[in-house]
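Chemist: If you scroll down you'll find the structure; I have some questions about it.
The values are calculated or read from the model by the stated rules, or taken from the named source; none is laboratory data. Model, not experiment: these values are computed from the prediction. Quick reminder, even Gly has a Cβ in these numbers, built from the backbone with ideal geometry, and neighbours come from all protein chains shown. The accessibility values were calculated without ligands, DNA or RNA, using every heavy atom of the protein model including side chains. Shrake-Rupley method; radii C 1.70, N 1.55, O 1.52, S 1.80 Å.
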Amino acid sequence: IGSIDVHYSSGPMNRCFYFLSQGTGTDNYASTYLPGGMTGIGNDTAAKIVYRALRDYMTSSTTYAGAKTACLSAATSLGYASGSTEYTAVVNAFKAINR
């Protein structure tokens with residue numbers, strides 16, 4: 001989807017943010033890539049992480065793999081160490097979109 005217009009290819013990242021903030025369930029918003037589900041970290045914390053990733057780590061050529069790395073770096077820079085609930089939620093949100 002990297003070569004598709006940004007307006008058409010932004011869906012996976014939008015879904016990733018939803019999973020990060022709200023978690024996954026067993027309804028229409030579930031993910032087959034993360035069948036065990038996950039708990040979200042809330043809108044405010046998710047927004048802080050993604051905003052920091054966009055501001056400090058992403059460029060116009062960032063791929064989905066790069067976005068995952070950027071979000072993990074942002075989480076770490078905000079004080080959410082590897083293994084923390086927030087850091088793990090970032091990992092799981094990207095797993096939920098098969099990244």
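Chemist: If ligands, DNA and RNA are left out, what is the accessible area of ILE41 with a 1.4 Å probe, given in Å² to the nearest 10?
Modeler: 30 Å²
Chemist: What would the Debye equation give as log₁₀ I(q)/I(0) for the range 39-96 at q = 0.20, 0.22, 0.29 Å⁻¹, counting only Cα atoms as equal point scatterers?
Modeler: Log10 I(q)/I(0), no solvent term: -0.64, -0.78, -1.29.
Chemist: Got a number for the accessible area of THR39? Probe 1.4 Å, square angstrom, nearest 10.
Modeler: Rounded to the nearest 10, the figure is 110 Å².
Chemist: A follow-up question, please. Round to the nearest 10 and report in Å² the accessible area of ARG15, as given by a 1.4 Å probe over the protein chains' heavy atoms.
Modeler: Using a 1.4 Å probe on the heavy atoms, I get roughly 90 Å².
Chemist: Residue-wise, which Karplus ³J(HN,Hα) couplings in Hz belong to the range 33-40, taking 6.51 cos²θ - 1.76 cosθ + 1.60, θ = phi - 60°, and x for glycine or proline?
Modeler: 7, 9, x, x, x, 7, 9, x
Chemist: Once phi is turned into θ = phi - 60°, what whole-Hz ³J(HN,Hα) does the Karplus curve with 6.51, -1.76 and 1.60 give for every residue of the range 19-32, x standing for Gly and Pro?
Modeler: Going residue by residue, I get 4, 4, 7, 10, x, 10, x, 10, 8, 5, 9, 6, 10, 6 Hz, with x marking Gly and Pro.
Chemist: Once phi is turned into θ = phi - 60°, what whole-Hz ³J(HN,Hα) does the Karplus curve with 6.51, -1.76 and 1.60 give for every residue of the range 61-67, x standing for Gly and Pro?
Modeler: 9, 5, 8, 5, 5, x, 5
Chemist: Put a dot 7 Å past each Cα toward the Cβ at ALA47 and ARG99; how far apart are the dots in nm?
Modeler: Going by the 7 Å Cα→Cβ label model, 2.1 nm.
Chemist: Find, among the chymotrypsin sites (Phe, Trp or Tyr not before Pro) in the range 9-89, those assigned to loop by DSSP (not H, G, I, E, B) with at most 15 other beta-carbon atoms within 10 angstrom.
Modeler: Taking the range 9-89 and a limit of 15 other Cβ atoms within 10 Å, the loop chymotrypsin sites (Phe, Trp or Tyr not before Pro) found are TYR29, TYR33.
Chemist: Would you mind classifying the range 1-94 by shape? Square roots of the alpha carbon gyration tensor eigenvalues, ordered a ≥ b ≥ c; an a/c under 1.5 is rounded, otherwise it is prolate if a/b is larger than b/c and oblate if not.
Modeler: Oblate shape, in that a/c is at least 1.5 and b/c is the bigger or equal ratio.
Chemist: Can you give me the long-range amide H partners of GLY23? Hydrogens built in the peptide plane at 1.01 Å from N, cutoff under 5 Å, separation of 5 or more residues or another chain.
Modeler: Distant-sequence amide H within range of GLY23: GLY40, ILE41.
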